[in-house]
Each structure stands twice: as C-alpha cells, then as structure tokens.
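The values are calculated or read from the model by the stated rules, or taken from the named source; none is laboratory data. Computed from a predicted structure; not experimentally measured. Every residue, glycine as well, gets a Cβ built from its backbone with ideal geometry; the counts of neighbours run over all protein chains shown. The area values use the complete protein model at the heavy-atom level, side chains included, leaving out ligands, DNA and RNA. Shrake-Rupley method; radii C 1.70, N 1.55, O 1.52, S 1.80 Å.
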Amino acid sequence: METSERPIYMISIAAELVGMHPQTLRMYETKGLVRPHRTPGGTRLYSDADVERLRIVQRLTTEVGLNLAGVELVLRLEDELRKAHAHVERLQRELRREVQNVHKQYRRDLVLLRDALPERQ
C-alpha cells in the first residue's frame with residue numbers, strides 16, 4: 001500500500017482538513033465519491049489520497065458548479081483515464097524490453113556472421 005493510501009485520519013480530522021462537515025463526508029461515502037477504510041469496529045479512516053479526492057469534489061462543486069452526479073461522472077472518468085495511462089506505461093515498458101532484446105539478438109547474429117566470413121585482402 002502506498003503511503004498516500006494508508007488510512008490515518010478519523011472522519012473529524014479529515015473533515016477539518018478539507019473544511020467540510022463530517023456529515024458531508026458520510027454523504028459522499030454513501031454516494032460512492034469516496035471510500036474510506038473501515039476498522040473492524042466500523043470507524044472510518046481516511047488516507048491522504050481520500051482527503052485529496054474530497055478536495056477535488058469540493059472544487060468541482062463549488063468552483064465548477066457541478067452537482068454530485070456530475071462530480072461522480074468526472075471522478076469515474078478520471079479513474080478510467082488513470083488506469084489507461086498506467087496500462088499504456090506498462091505496454092511501453094514491455095515494448096522497450098522487446099526492442100532491446102531484438103537489438104541484442106541482432107548484435108549476436110552480426111558477430112556470428114562476421115566470424116563466419118572469410119577475411120578480405
């Protein structure tokens with residue numbers, strides 16, 4: 001688990017960090033906009049990533065003027081975009097490895113061919 005995803009803030013602290021009422025955080029959880037970790041006793045614990053997500057929700061509702069349905073759509077699209085970027089990065093790494101392997105094979109083949117050719121005079 002990344003440091004930013006480690007659940008550390010109780011709801012009152014998370015609400016204070018983003019300038020919201022704890023009940024608003026509960027409502028956002030109900031709507032699926034944020035998913036805090038739950039302790040075995042049921043206490044909500046928010047991570048830094050959750051707090052940042054709450055700030056984004058706040059910005060989208062107050063500055064942009066979106067309703068919660070619009071916020072939900074924006075967050076879902078951002079999540080899909082982030083996953084797509086990660087997938088593209090994985091594919092690029094694999095492609096670079098494959099290109100390096102092909103280059104290594106070419107070098108091996110060239111050395112073998114050079115050694116097999118008679119010397120020119």
Sites I8 and Q100 - FRET efficiency at Förster radius 30 Å, r taken between beta-carbons, to 0.05: 0.15
Computed [θ] at 222 nm, deg cm²/dmol, the chain (DSSP H ≥ 4; -39,500 (n - 2.57); rounded to nearest 500): -22000 deg cm²/dmol
Whole-Hz ³J(HN,Hα) from phi, Karplus 6.51 cos²θ - 1.76 cosθ + 1.60, for segment 41-55, glycine and proline x: x, x, 6, 6, 10, 9, 9, 4, 5, 5, 5, 5, 5, 4, 5
Amide H contacts under 5 Å for V34, placed H, 5+ residues apart: E29
Whole-Hz ³J(HN,Hα) from phi, Karplus 6.51 cos²θ - 1.76 cosθ + 1.60, for segment 75-85, glycine and proline x: 5, 5, 5, 5, 4, 5, 5, 4, 5, 5, 4
Dipole magnitude of segment 55-104, debye to nearest 20 (Cβ charges: Lys/Arg +1, Asp/Glu -1, about Cα centre): 340
Cubic angstrom per residue, convex hull over Cα atoms of the chain: 172
Accessible area per residue in Å² at 1.4 Å probe, computed on segment 54-114: 84
About the Cα centre, charge dipole magnitude for the chain (Lys/Arg +1, Asp/Glu -1 at Cβ), debye: 320
Assigned charges on the beta-carbon of Lys, Arg, Asp, Glu; segment 1-47 dipole about Cα centre (debye): 180
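Using a 1.4 angstrom probe on heavy atoms only, work out the carbon and sulfur share of the accessible area of segment 11-82 in %.
Exposed carbon and sulfur together represent 54 percent of the surface.
Sorted by mean Cβ packing within 10 Å, highest first, what order do the peptides 60-73, 6-19, 88-101 take?
Per-residue mean Cβ counts within 10 Å order the peptides as 6-19, 60-73, 88-101.
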